[in-house]
Amino acid sequence: MITNLLRGAAAFCLALTPLTLPSPVAAATGAVVPVPEVLPLEDAVGKLPVAEEDRTGYTRDSFRHWNTGLDAGDGCNTRNEVLLAEAVQEPAVAAGCKLTGGKWLSYYDNVEVIEAGKLDIDHMVPLAEAWDSGASAWDAKRREAYANDQGAAASLVAVTARTNRSKADQDPATWMPPLPDAHCRYIGEWTATKLRWSLAVDPAESKALKVYTEACETTVVHYNPAP
């Protein structure tokens, strides 16, 4: 499907090296093109600014989701586009983007799920955490872009409802996936998402990330700054 191709292309872009050259159009217009970054986890964590968090004024409605997604013509919202992109066995798609069948693997707990309704789409960095870390200064359009971000494969992830709701709005200082084998991937994707959106980390979060860098020394972080 178009959605899968678009998300796949986005994921591919994140794997490009920093040597990627600007497009001819960008060069001709002088437009600033975000340059993909590939860094060892320790270096990536070191790039995160540290600041105290502030949740003043936060409401979940500050982030409009789910919108019409990458393909406004496919009848699927962002949630269902993510489900289609991440399915390990593609579901059938009926009118109104109703999904039946299919199979997913929730990497937080290594659980196979065969009903789309039993999955949550987790914001890798929760909306409240994003607000605390810098999104409070954004306008509504940018917050909507964040809440529906399919430009990076790590930003939104289909996982069991149980793990997503256990996580809630916590950062790695207080919550990690229950599957130990998922920890390095999770820390890498958390860091990539914060860097992509220029979000800060609080002191406890920064300390936790640095502890994990010692156990995840082979983890590489791929990210592309958000437009």
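Net charge around Y58, counting only other residues with Cβ within less than 14 Å of its Cβ (Lys, Arg = +1; Asp, Glu = -1)?
Working: positive: R55, R60, R143; negative: E53, D54, D61, E129, D132, D169.
Summing Lys and Arg as +1 and Asp and Glu as -1 gives -3.
What FRET efficiency, computed as 1/(1 + (r/R0)^6) with R0 = 30 Å and r the Cβ-Cβ distance, is obtained for Q170 and A92, rounded to the nearest 0.05?
On the way: r = 35 Å, r/R0 = 1.17.
Efficiency computed from Cβ-Cβ geometry: 0.30.
Set the Förster radius R0 to 25 Å, insert the Cβ-Cβ distance between A215 and R64 as r into 1/(1 + (r/R0)^6), and round the FRET efficiency to 0.05.
That pair, A215 with R64, gives E of 0.10.
Straight distance only, please: which aspartates and glutamates reach the Cα of K141 with their own Cα at less than 14 Å, same-chain residues fewer than 8 apart left out?
Cα-Cα hits under 14 Å: D61, D149.
Using all Cα-Cα distances in the chain, what percent lands in each 5 angstrom bin from 0 up to the longest?
Percent of pairs per bin, in order: 1, 7, 14, 17, 20, 18, 13, 7, 3, 1.
Distance cut-off 18 Å, Cα to Cα: go down the list K103/K167; K98/K118; K47/K194 and report the pairs above it. Numbers along the way, then the final one.
On the way: K103/K167 23 Å; K98/K118 14 Å; K47/K194 10 Å.
Where the Cα-Cα span goes over 18 Å, the pairs concerned are K103/K167.
Rounded, prolate or oblate: which fits the range 102-222 when a ≥ b ≥ c are the square roots of the eigenvalues of the alpha-carbon gyration tensor, with rounded for a/c under 1.5 and prolate only if a/b beats b/c?
Working: a/c = 1.73, a/b = 1.12, b/c = 1.55.
Oblate.
Where is the GNM fluctuation largest for the chain (alpha-carbon springs, 10 angstrom cutoff): T213, T56, T100?
Sorting by GNM fluctuation, first place goes to T56.
What's the carbon and sulfur percent of the chain's accessible surface, probe 1.4 angstrom, rounded to a whole number?
Values: 6320 of 11220 Å².
Ligands and nucleic acids excluded, carbon and sulfur give 56 percent.
The values are calculated or read from the model by the stated rules, or taken from the named source; none is laboratory data. On a predicted model such as this, the values are computed, not experimentally measured, just so you know. Here Cβ is always computed from backbone atoms with ideal geometry, including for glycine, and neighbour counts include all displayed protein chains. The area values use the complete protein model at the heavy-atom level, side chains included, leaving out ligands, DNA and RNA. Shrake-Rupley method; radii C 1.70, N 1.55, O 1.52, S 1.80 Å.
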